[in-house]
Amino acid sequence: MNPITAILQRNLLNYVRSKGRVLGALFMSMFMLVMFSFLMKSSMSGLDAPMNYLISGVIIMSVFQVSVNNSSDILSDISSGYMKEVLVAPIARTQISMGHILSGAVIATLQGVVTMIVGIVLGLRVNVLQILLLAAVMMVSAMAFSAIGLFLATVSRNSPAFQTISSMIMMPLTFVSGAYIPTTIIPVFLLPIVYLNPLTYTTSIFRYIALGAHTLTTEGLVEQGMAFSIGGFVITPLMGLAITVLIGSFFFVLCVRKFNRADFSTIKVAAGMRGGGAPARR
Amino acid sequence: MNPIIQVKHFSKKYGDFTAVDDISFTVDEGSIFAFLGPNGAGKSTTINTLCTILDKTEGALTINGHDVARERSLVRKDIGIVFQDSTLDSQMTVEENLKYHCSFYKVPKNEVQERIDFALDLVELTEWKRAVVGSLSGGMKRRAEIARGLVHDPKVLFLDEPTTGLDPQTRANVWEYIRRLQKQKNMTIFLTTHYMDEAEVCSKIVIMDHGKIVAHDTPENLKHQYTGTEVDVVCTSTEPLESALQERDISYRKDGNKLVFHTKKAPAALEILSEHRETITDFEVKNGTLNEVFLAITGKEIREL
């Protein structure tokens, strides 16, 4: 078995075995769906397909949160000592990073697909081709988000710090992504953050597919917040996806560099934490 | 014998603190080599550097001819490690832990099951292979870890305090496995330990203190060099023996009709004893222990630390 596959398989197995996590995650996605789709429906009255607009936002948001949060798996590996076993093995550090990123992304995508199915029950109207495309976009963006999460996890070194840092970053990014609040009504001074935010682009391509918006003109897309005109240069949804991949690759490189540094003093710190109990798994 | 590990002028500094200060040693292929020393002497720093997870400050370290800093993946292939703290995945079964280990070390697929069975058999965990690691006792976890460390057939097996925290019986078993391994596979074993008596079976010992090597020799030579023989004699009357000892300028301790004295070599005692055999009702000759060696060299009892 390839080391990447081995890490992926092991992480997925551990995920499936912790039933609490699986159930909790499912409950969370449903809760978000029901909450947002019903509470915010009224405020979206101007749109043609408000359910598609809202639910697609909720799905991509849950993919984002799940993939970032799953990266903290590596923290329990560090505190349990298992990370050491992986680090002394003759595995390329790119493979270690890739294994962890893939497992976070697969879990997030599976959860996203389940959310999508629940969404269909609640009124999301999509055809089979759209479903496949949406799943593919989920996977690609989940990998980028996992890379960001993995980097945050290796930087924060322990669970409480990771929780703080990740929510500090996730909250604002969520709000300026256009998933809940359309980017078209976001104040101008926040626009630079909107354009640097990978979530903005994943939300836009996701909606582009979910709304079947390929029939719209570029101007139409900009108006609906699915394309972005920066000083006359228009970022189309596909270009947005490419930007997401780029941002993800950037963080992937950072993770590999982090694992490459032989002085893994983080492990020492984490080993000391064991006396106080391993950080709780969500 | 070929040296499989070579360490030359190795130093490691953490900021201003020097953890390891210019040490050099070699380990012969197929030998059991022990690293002894109080906590903080630099043992773990040295092991971690040899295991490629710590950067050196200075020096040249090679395992099986590969530089540990520059040819990391080649070195990683050649070594197996059992760390002081558990590095098992406690949510997985024993067998799964070993199986993923085999994937990481690219053990040929058709050999995986055979090797896992061999390793588990060696540490007597075959019956427990489907047990989740988290449910095992400390001793079993350590054995599982040893099994995992050798399942990819490493050239060198590092054992960092392999018996710490284990009950005496399990400790004896672990040693049994280690010796069996060394014999059956001609594996080089590099270990650190707190228990001096355990180091007796090693072919060579290095004692570290304050980041420096203070002794490097076989257990026999060390005992010979740093300790003497203690003789306890019970006599019907102690005076003749006492005067004989005084004559030879040997200091002794009197305890009722028992005399306790030290000589450099056991045969020297034989001479005195045979001279006074009529008055002697009982005697005991004790050879020096590694504990005494350690005490003589570092001025500390290793277990006090």
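The values are calculated or read from the model by the stated rules, or taken from the named source; none is laboratory data. The shown structure was predicted, so the numbers you read here are calculated from the model rather than taken from an experiment. Backbone-built Cβ (ideal geometry, glycine too); neighbour counts: all protein chains shown.
What number of residues within segment A:93-106 are within 10 Å of chain B (Cβ to nearest Cβ) and free of Cβ contacts under 8 Å to residues at least 60 places away in the same chain? Residues that pass the stated criteria total 0. Applying the criterion of being outside any helix (DSSP H, G or I) and at the interface with another protein chain (Cβ under 9 Å from one of its Cβ atoms) to the residues of segment B:59-79, the residue that is surrounded by the most Cβ atoms within 10 Å (Cβ to Cβ) is B:79. Per this entry, residue A:165 is counted among residues that are touching a helix residue (DSSP H, G or I) at 6+ places or on another chain (Cβ under 6 Å), over 30 Å from residue B:155 (Cβ atoms) and free of Cβ contacts under 8 Å to residues at least 24 places away in the same chain.
Out of segment A:1-21, which residues are modelled with pLDDT under 85, assigned to a helix (DSSP H, G or I) and either touching a Phe, Trp or Tyr at 6+ places or on another chain (Cβ under 7 Å) or within 10 Å of chain B (Cβ to nearest Cβ) (or both)? Listed by number, the list holds a single entry, A:21. Taking segment B:176-204 only, how many residues are of a type outside the set (S, T, N, Q), part of a strand (DSSP E or B) and within 22 Å of residue B:166 (Cα to Cα)? Total satisfying the criteria: 3.
Looking only at residues that are in contact with a Phe, Trp or Tyr (Cβ under 8 Å, 6 or more places away or on another chain) and under 30 Å from residue B:298 (Cβ atoms) in segment B:227-244, which one is surrounded by the fewest Cβ atoms within 10 Å (Cβ to Cβ)?
Top of the filtered list is B:232.
Here residue A:244 meets each of (1) outside any helix (DSSP H, G or I); (2) crowded, with 19+ Cβ neighbours inside 10 Å with one exception, condition (1).
Each residue in segment A:75-92 was checked for being farther than 30 Å from residue A:35 by Cβ, in a helix (DSSP H, G or I) and in contact (Cβ under 8 Å) with a residue 24 or more places away in the chain, and 7 pass. Restricting B:144, B:131 to residues that are more than 17 Å from residue A:81 (Cβ to Cβ), more than 11 Å from chain A (Cβ to nearest Cβ) and hydrophobic (A, V, I, L, M, F, W, C) narrows the list to B:131. If you go through segment B:85-115 and keep only what is of a type outside the set (A, V, I, L, M, F, W, C) and more than 9 Å from chain A (Cβ to nearest Cβ), you end up with B:93, B:95, B:108, B:110, B:111, B:113, B:114, B:115.
Would you mention how many residues in segment B:186-206 are farther than 17 Å from residue B:289 by Cβ and buried (at least 16 other Cβ atoms within 10 Å of the Cβ)? Count: 9.
Any residue at all in segment B:50-58 that is assigned to a helix (DSSP H, G or I), touching a helix residue (DSSP H, G or I) at 6+ places or on another chain (Cβ under 9 Å) and surrounded by 16 or more Cβ atoms within 10 Å (Cβ to Cβ)? Yes, segment B:50-58 has at least one match.
Counting only residues that are assigned to a helix (DSSP H, G or I) and among the aromatic types (Phe, Trp, Tyr), segment B:210-257 holds 1 of them.
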